[in-house]
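Below: the structure, in structure tokens.
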Amino acid sequence: MATAAEQWVLVEMVQALYEAPAYHLILEGILILWIIRLLFSKTYKLQERSDLTVKEKEELIEEWQPEPLVPPISKDHPALNYNIVSGPPSHSIVVNGKECINFASFNFLGLLGNPRVKAAALASLKKYGVGTCGPRGFYGTFDVHLDLEDRLAKFMKTEEAIIYSYGFATIASAIPAYSKRGDIVFVDRAACFAIQKGLQASRSNIKLFEHNDMADLERLLKEQEIEDQKNPRKARVTRRFIVVEGLYMNTGTICPLPELVQLKYKYKARIFLEESLSFGVLGEHGRGVTEHFGINIDDIDLISANMENALASIGGFCCGRSFVIDHQRLSGQGYCFSASLPPLLAAAAIEALNIMEENPGIFAVLKEKCKRIHKALQGISGLRVVGEALSPAFHLQLEASTGSREQDAKLLQEIVRQCMDRSIALTQARYLEREEKCLPPPSIRVVVTVEQTEEELEKAASTIKEVAQAVLG
């Protein structure tokens, strides 16, 4: 009986082989051959090398020198030889023991030493203490933080605002909170380092367009549109962002926002606008580049700015629609993991906003002073002015490079040093040269504030001209 059953099973197997598809038989055959090979193949063990004696090994270990963790840096590198400031960096600044007129600090509206701002910070210090010792989600949210967020949202005429305790971390945290791996970001080549770090953290697909060149941006958008048509399924889940600055830190130029908004709607992208330099500077009431161009703020998906320039405080903020801002409270790394803004600095920022709202004429005063020194610095032999006349922070670059970045920087530093000897405090623009995506040329940065008098502006312009003539010949 058992023999008959075994014969029946064998017949069934043979019949199944005849009926099976050819590719199925081939695949099974390959798998069987592979198993046989693994079973009968020889195994090899790595043999320890015995051609060196113990003494020779110890000698090699003693002779081995590890590579340095960082590349060697010259002792005269500017980062290792910084200037020492004594007292507040306001209108008059004491640098290395010498009193100078300050053309280096971003105290555009002169609020750093304002008595009202200092009084508000002191009152907050007495009430709350120095710091917070916790992020916003862990007993780091104080009532003054909520007051500042509400004031910023109302000032910018948006639904909601969120504050960060560090200006650099604001846009660097905001970008990766929305743009993820696989998304596409179109970004200006002149974008500041904080934007670059945010893009790096997002791991998105980055496409650079020439500085303020809307034709080049549209070319990239069209190319992406063609790619999307080839793979519509992927296109439906790929988000597209345009990231620009309102007033560029590295060039002192204003972004062409009206054209950007047109391209946004034409190619269905989102705009992130970084306004650290333009906030408190551009527009009739200091609301930035949107007010400057008369653009509806709802056309911008996210606005970010730091509070370390015009507001003379610390930290930064983002503002926009409520559902956009609320997402950062869950995903903004600088918001979720850093200790919250010290209450005294939040109180100082609120009082600075009060002063800005009470004195809207201050922005016209700043604009006129920017135009005045911008005009006065034209025609300097060997130097050219880079930046728009409305920008309170612009650059002086060499008209003709020596061919060596290091030598260019030395020439500019000599101009800065001699100007300081004549009581005009300037500074070179500093960059992490190995990290910058598109490294700007060396330059001297000139910063204008409302506190500088007409006589001081004229003195600064004439001093720079005389020193440049002496250094550059």
- Query: Can you pull out the helices (runs of 4 or more DSSP H) entirely within segment 281-358 that have at least 3 residues that are more than 13 Å from Ile162 (Cβ to Cβ) and either modelled with pLDDT under 95 or open to solvent by 30 Å² or more (accessible area, probe 1.4 Å) (or both)?
  - Reply: 289-293, 343-358
- Task: Would you mention how many residues in segment 234-264 are touching an Asp or Glu at 6+ places or on another chain (Cβ under 8 Å) and over 13 Å from His211 (Cα atoms)?
- Result: 9
- Across segment 296-310, what is the number of residues that are charged (D, E, K, R) and touching a Phe, Trp or Tyr at 6+ places or on another chain (Cβ under 6 Å)? 0
- Task: Those residues that are crowded, with 22+ Cβ neighbours inside 10 Å and part of a loop (DSSP other than H, G, I, E, B), I need them from segment 159-189; list them, please.
- Result: Ser165, Ser179
- Subset of segment 129-180, residues on the phi > 0 side of the Ramachandran plot and among the hydroxyl-bearing types (Ser, Thr, Tyr), comes to Tyr139
- Considering every residue within segment 368-383, establish whether at least one is among the polar types (S, T, N, Q) and under 29 Å from the mean Cα position of the chain (by Cα). no
- Restricting attention to segment 387-406, which residues are open to solvent by 60 Å² or more (accessible area, probe 1.4 Å) and either within 22 Å of the chain's Cα centre (by Cα) or more than 19 Å from Ile464 (Cα to Cα) (or both)? Glu388, Thr402, Gly403, Arg405, Glu406
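Within segment 82-107, track down each residue that is surrounded by 10 or more Cβ atoms within 10 Å (Cβ to Cβ) and within 20 Å of Lys410 (Cα to Cα).
Of everything in segment 82-107, those that are surrounded by 10 or more Cβ atoms within 10 Å (Cβ to Cβ) and within 20 Å of Lys410 (Cα to Cα) turn out to be Asn83, Val95, Asn96, Phe103, Ala104.
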- Only one of Ser124, Ser92, Ser74 is under 27 Å from Met249 (Cβ atoms) and modelled with pLDDT of 85 or more, namely Ser92
- Filtering segment 244-276 down to residues that are over 27 Å from Ala429 (Cβ atoms) and in a loop (DSSP other than H, G, I, E, B), which residue is most open to solvent (accessible area, probe 1.4 Å)? Lys268
- Query: Does Glu218 satisfy the criteria of being outside any loop (DSSP other than H, G, I, E, B), in contact with a Leu (Cβ under 7 Å, 6 or more places away or on another chain) and either assigned by the TED database to the domain that holds His327 or aliphatic (A, V, I, L, M) (or both)?
  - Reply: yes
- Query: Within segment 206-243, can you find the residues that are loosely packed, with under 14 Cβ neighbours inside 10 Å and of a type in the set (A, V, I, L, M)?
  - Reply: Ala215, Ile226, Val237
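For (1) within 30 Å of Glu368 (Cα to Cα); (2) part of a loop (DSSP other than H, G, I, E, B); (3) of a type in the set (Asp, Glu), each residue gets a yes or a no:
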| residue | (1), (2), (3) |
| --- | --- |
| Pro68 | no, yes, no |
| Tyr82 | no, yes, no |
| Ser90 | yes, yes, no |
| Ala104 | yes, yes, no |
| Arg116 | yes, no, no |
| Ala120 | yes, no, no |
| Lys127 | no, no, no |
| Val130 | no, yes, no |
- Query: Does Ala174 count as aliphatic (A, V, I, L, M), out of contact with any Asp or Glu (no Cβ under 8 Å at 6 or more places or on another chain) and closer than 30 Å to Gln224 by Cβ?
  - Reply: yes
- Message: Within segment 181-202, does at least one residue satisfy the condition of being assigned by the TED database to the domain that holds Arg270 and more than 19 Å from Phe272 (Cα to Cα)?
- Response: no
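Yes/no matrix, rows are residues, columns are (1) touching a residue at least 60 places away in the same chain (Cβ under 8 Å); (2) within 23 Å of the chain's Cα centre (by Cα); (3) not assigned by the TED database to the domain that holds Pro442:
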{"site": "Ala235", "(1), (2), (3)": "no, no, yes"}
{"site": "Arg240", "(1), (2), (3)": "no, yes, yes"}
{"site": "Gly246", "(1), (2), (3)": "no, yes, yes"}
{"site": "Thr251", "(1), (2), (3)": "yes, yes, yes"}
{"site": "Ile254", "(1), (2), (3)": "yes, yes, yes"}
{"site": "Leu260", "(1), (2), (3)": "no, yes, yes"}
{"site": "Lys264", "(1), (2), (3)": "no, yes, yes"}
{"site": "Leu273", "(1), (2), (3)": "no, yes, yes"}
- Long-range neighbours under 7 Å by Cβ, at least six apart or interchain, first residue β-branched (Val, Ile, Thr) within segment 140-161, second surrounded by 20 or more Cβ atoms within 10 Å (Cβ to Cβ): Thr141/Ser340; Val144/Ser124; Val144/Pro343; Val144/Ala346; Val144/Ala347; Thr158/Cys319; Thr158/Gly320
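The values are calculated or read from the model by the stated rules, or taken from the named source; none is laboratory data. All values derive from a computational prediction rather than experimental measurement. Virtual Cβ from ideal backbone geometry, glycine too; neighbours counted across all protein chains shown. Quick note on the areas: whole protein, heavy atoms, side chains included, nothing else; ligands and nucleic acids left out. Shrake-Rupley method; radii C 1.70, N 1.55, O 1.52, S 1.80 Å.
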